[in-house]
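Everything on this sheet refers to the single structure shown next.
The values are calculated or read from the model by the stated rules, or taken from the named source; none is laboratory data. Note that this is a predicted model, so its numbers are computed, not measured. Because the Cβ atoms are built from the backbone with ideal geometry, glycine has one as well, and the counts that use them run over all protein chains shown.
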Amino acid sequence: MSDKYAYRVIWSEEDGEFVGLCAEFPSLSWLAKNQQDALRGITQLVADVVADMVSNGENVPVPISVHKYSGQFKIRIPASVHRRLALEAAELGVSINRLVTSKLVPC
């Protein structure tokens, strides 16, 4: 299962090395001189942690990649922002949903 987690590698100016990260395990990281070793290191570390969790009967995080998403989420915004968005949407002749989607996911 650990091969389905969301991994990424970034450069750390502070450490002077690449850092391997896993979204499902935000407290884990792996430093290495090159990107490949950082990815290999974090992947193995997560596999070891998952194996340890399983052997201890702990719940293992579900990989983001296998989550099912509805395409909907709710967000609270100030009334003044809601009003401004409604006005802008009306002026453009689109729904607020379409307007906000276009702002979140530019074409």
When you look at Asp15, is it part of a helix (DSSP H, G or I) and either in the same structural domain as Asn97 (by TED's automatic domain parsing) or without any contact (Cβ under 8 Å) to a residue 60 or more places away in the chain (or both), yes or no? no
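Can Val9 be described as in contact with a Phe, Trp or Tyr (Cβ under 6 Å, 6 or more places away or on another chain), crowded, with 17+ Cβ neighbours inside 10 Å, in a strand (DSSP E or B) and among the aliphatic types (A, V, I, L, M)? Step through it out loud before you land on a result.
On the way: in contact with a Phe, Trp or Tyr (Cβ under 6 Å, 6 or more places away or on another chain): yes; crowded, with 17+ Cβ neighbours inside 10 Å: yes; in a strand (DSSP E or B): yes; among the aliphatic types (A, V, I, L, M): yes.
Judged against the criteria, Val9 is a match.
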Positions within the stretch 59-78 being in a loop (DSSP other than H, G, I, E, B) and touching a helix residue (DSSP H, G or I) at 6+ places or on another chain (Cβ under 6 Å), in sequence order: Val60, Pro63
So which residues in the stretch 30-53 are in contact with a Ser or Thr (Cβ under 9 Å, 6 or more places away or on another chain) and part of a strand (DSSP E or B), if there are any at all? Trp30, Leu31
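Here is a check on your reading of the model: is Arg76 under 26 Å from the mean Cα position of the chain (by Cα) and over 30 Å from Asp3 (Cβ atoms)? Step through it out loud before you land on a result.
Numbers: under 26 Å from the mean Cα position of the chain (by Cα): yes; over 30 Å from Asp3 (Cβ atoms): yes.
It is true that Arg76 is under 26 Å from the mean Cα position of the chain (by Cα) and over 30 Å from Asp3 (Cβ atoms).
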What number goes with the only condition from (1) exposed (fewer than 12 other Cβ atoms within 10 Å of the Cβ); (2) outside any helix (DSSP H, G or I); (3) of a type outside the set (D, E, K, R) that Val81 does not pass? (2)
In the stretch 24-57, anything over 16 Å from Trp11 (Cα atoms) and either in contact with a helix residue (DSSP H, G or I) (Cβ under 8 Å, 6 or more places away or on another chain) or surrounded by 15 or more Cβ atoms within 10 Å (Cβ to Cβ) (or both) is listed as Glu24, Phe25, Thr43, Leu45, Val46, Ala47, Val49, Val50
Quick one: what pairs do we get from the stretch 1-12, first residue without any contact (Cβ under 8 Å) to a residue 24 or more places away in the chain and farther than 17 Å from Val49 by Cα, second surrounded by fewer than 19 Cβ atoms within 10 Å (Cβ to Cβ) and charged (D, E, K, R), C-beta under 7 Å, 6+ apart or different chains? none
